[in-house]
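Read the figures in this text as sums done on the coordinates, not as results from a lab. Everything numeric in this text was worked out from a predicted model, so none of it was measured. All Cβ positions, even for glycine, are placed from backbone atoms using ideal geometry, and neighbour counts span all protein chains on display.
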Amino acid sequence: MLGLQLPTDPRWVNIVEKNIEEVLTDHAYCEQKAASNAISIIVKFPEYTDVVEAMGELVKEEMEHFQMVHRELQKRGLTLGREKRDEYIHDLLAYIRKGGNYEQQFVERMLFAAMVEARSCERFRLLSEELEDPELRVFYRELMESEARHYTMFLNFAKKYAATINVDKRWKEFLSFEASLMDKYGKEATMHG
């Protein structure tokens, strides 16, 4: 369903299990950044009222996820650490076509968000199936389902407002680029690393 061309190396789960505090901290900040991204979409594209409405709901949901992850840390006697730079996100941002008309900017932003949600969904699925901790398996299963909804929402908005852009073609280019990144990711205790 996600169309990702290169799956995460399953050994990444072993790294996660040895570094639960680190990965949960990173995950919490990913949720916060997703909320911030939704807010910036509202600011940049306010005339798309259905997008504004959906992003408002997304902000609330992502912050609820942030709180869920924070509670998970607390439940385990752990604390939220410092935010780290997300190199995966920066690589994707560098790939986005800069400039162009308003339609192009909107489509690029939607595809960027869809890609992040797709990879997060794939990682959450892996955690929900492979982690030894049964509580975390259930936790990530629930989150995986919401990431899948977000992924399709962003793709659908890109298609809805693309009058002159072949979104399917550009999405395939995004998928190909993202696959080229995966050789350097999946080796750290971060959601995208």
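Answer with one residue from PHE106, PHE124, PHE139: the one whose Cα lies farthest towards the positive end of the charge dipole of the chain, charges on Cβ with Lys, Arg +1 and Asp, Glu -1.
Sorting the options by dipole projection puts first PHE106.
Restricting to Cα pairs below 8 Å that are 6+ residues apart, what does the relative contact order work out to for the chain? Please round to a whole percent.
Relative contact order for the chain comes out at 32 percent.
Counting other Cβ atoms within 10 Å of each Cβ, which trypsin sites (Lys or Arg not before Pro) in region 106-193 have at most 15 and sit in a DSSP loop?
When the trypsin sites (Lys or Arg not before Pro) of region 106-193 are filtered for loop state and at most 15 Cβ neighbours within 10 Å, LYS187 remain.
Would you mind computing Rg(Cα) / (2.2 N^0.38 Å) for region 124-170, counting N as its residues?
1.64
Run the numbers on region 87-140 and let me know its relative contact order in percent, using alpha-carbon pairs under 8 Å that are six or more apart.
It comes to 22 percent, rounded to a whole number.
If you find the alpha carbon centre of region 1-77 and of region 107-186, how far apart are they in angstrom?
Between the Cα centre of region 1-77 and that of region 107-186, the gap is 11 Å.
Compare ALA94, ALA118, ALA162 in a GNM of the chain, Cα atoms joined below 10 Å, and give the one with the largest fluctuation.
Of ALA94, ALA118, ALA162, the Gaussian network model singles out ALA94 as fluctuating most.
Kindly count the pairs of lysines across region 14-184 whose alpha carbons are less than 15 Å apart, treating pairs on different chains or eight or more residues apart as eligible.
6
Here are a few candidate values for Cα extents along the principal axes in Å: (1) 42, 39, 35; (2) 50, 32, 27; (3) 46, 39, 30. Which one was actually calculated from the structure I just gave you?
(2)
To the nearest 20 Debye, how big is the dipole of region 14-184 about its Cα centre, given +1 on the beta carbon of each Lys and Arg and -1 on that of each Asp and Glu?
Here the size comes out at about 520 debye.
Need one number: nm distance between label points at SER180 and THR164, each 7 Å from Cα along Cα→Cβ, rounded to one decimal.
2.6 nm
For region 69-178, compute Rh as the Kirkwood radius over C-alpha pairs and then the Stokes-Einstein diffusion coefficient at 25 °C and 0.890 mPa s; write the answer in µm²/s, rounded to an integer.
Translational D for this selection: 156 µm²/s.
Among THR25, THR79, THR49, whose mean-square fluctuation peaks in a Gaussian network model of the chain (Cα, cutoff 10 Å)?
Ranking THR25, THR79, THR49 by mean-square fluctuation puts THR49 first.
Which residue fluctuates the most in the chain, going by a Gaussian network model with Cα springs under 10 Å, if the choices are GLU83, GLU178, GLU122?
GLU83
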